[in-house]
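What follows draws every value from the coordinates through simple rules; no lab data is involved. What you see is a predicted model; the values in this text were computed from it and never measured. Note that we place each Cβ from the backbone using ideal geometry, even for glycine, and neighbour counts take in every protein chain shown.
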Amino acid sequence: MDGAAPMARIDGETLAWQGKPVLRDVRLELRAGERLVLLGRSGAGKSTLIGALRERLETGRGGPRVALVPQDHGLVPQLSVHLNAWMGRLDDHGTAYNLANLVRPFARERRAVAPWLDRVGLAGLDRRAVETLSGGQRQRTALARALFRGGDVALADEPVSAVDPAHGAALLDALGERFPTVVLALHDTAAALRLASRVVGLRGGGVAFDKSVAEISDDEIAALYRR
């Protein structure tokens, strides 16, 4: 990477989830243009680390534009697929505009969102309530919201866990094409190694390794998942 300042830095901190320490002595920098993938067993702290990076990226005004794909999707079940995806740009408009579009979606907003619904495989489902969707379709809706939002950085926490590997690979590619910098928490190590420029492995309440893909051994990855 060049000598530019990192987009986000965590310097020897303890990171907590709901007041309970999860990761200790974390030292990590995120730089523009990176494809950073977090690996580790469930409960290793991937979501906690993504949350910490989000806090640092969104601190202050004039920072990078961040799109989030949370593990719980963060959708409004009673609203349509279109409106949930469109809400990725709520902060681009004023309150009056947003309320009017929520009551009766504007044609221009439908046209703007439609290509992204198509990109994630939800074409024709724009008027369906999210609460009627399958788990995989809800996950795709959350991805469409992030893609529609666009920006400088995507933070995605297990964004394709509910879809099959082939479709998951295409969806991850869409994130990589849309965002210059991407941070992903994944369980799929094959997908991680295909996408990542850098991998952070989490185990035992800390960072087990932080390396470029070329430097990582199969044994190091396997050790993350041993009991």
So if I place +1 on the C-beta of Lys and Arg and -1 on the C-beta of Asp and Glu, and nothing else carries charge, what would the dipole magnitude of the range 75-150 be about its Cα centre? I want it in debye, nearest 20.
140
Between 0 and 90°, nearest 10: helix 107-119 axis offset from the chain longest Cα axis:
40
Bin width 5 Å, alpha-carbon pairs only: give the P(r) of the range 75-150 as whole percents, running from 0 to the bin holding the largest distance.
3, 18, 32, 26, 15, 4, 1
Using DSSP loop states and a limit of at most 16 other Cβ atoms within 10 Å to flag chymotrypsin sites (Phe, Trp or Tyr not before Pro), what is the longest stretch of the chain containing no flagged site?
107-224
At q = 0.15, 0.16, 0.17, 0.18 Å⁻¹, what log₁₀ I(q)/I(0) does the range 1-110 have when each alpha carbon counts as one equal point scatterer in the Debye sum?
-0.85, -0.91, -0.97, -1.03
What distance in nm separates the simple spin-label points at Arg41 and Ser161, each placed 7 Å from Cα in the Cβ direction?
1.5
Find the eigenvalues of the gyration tensor of the Cα atoms of the chain, then list the square roots of 5 times those eigenvalues as equivalent ellipsoid semi-axes, largest first, in whole angstrom.
31, 19, 16
Relative to the longest principal axis of the chain, what angle (0 to 90°, nearest 10) does the C-alpha long axis of helix 135-149 take?
90
Under 5 Å, built H, 5+ apart or other chain: amide partners of Arg65
Asp152, Val153
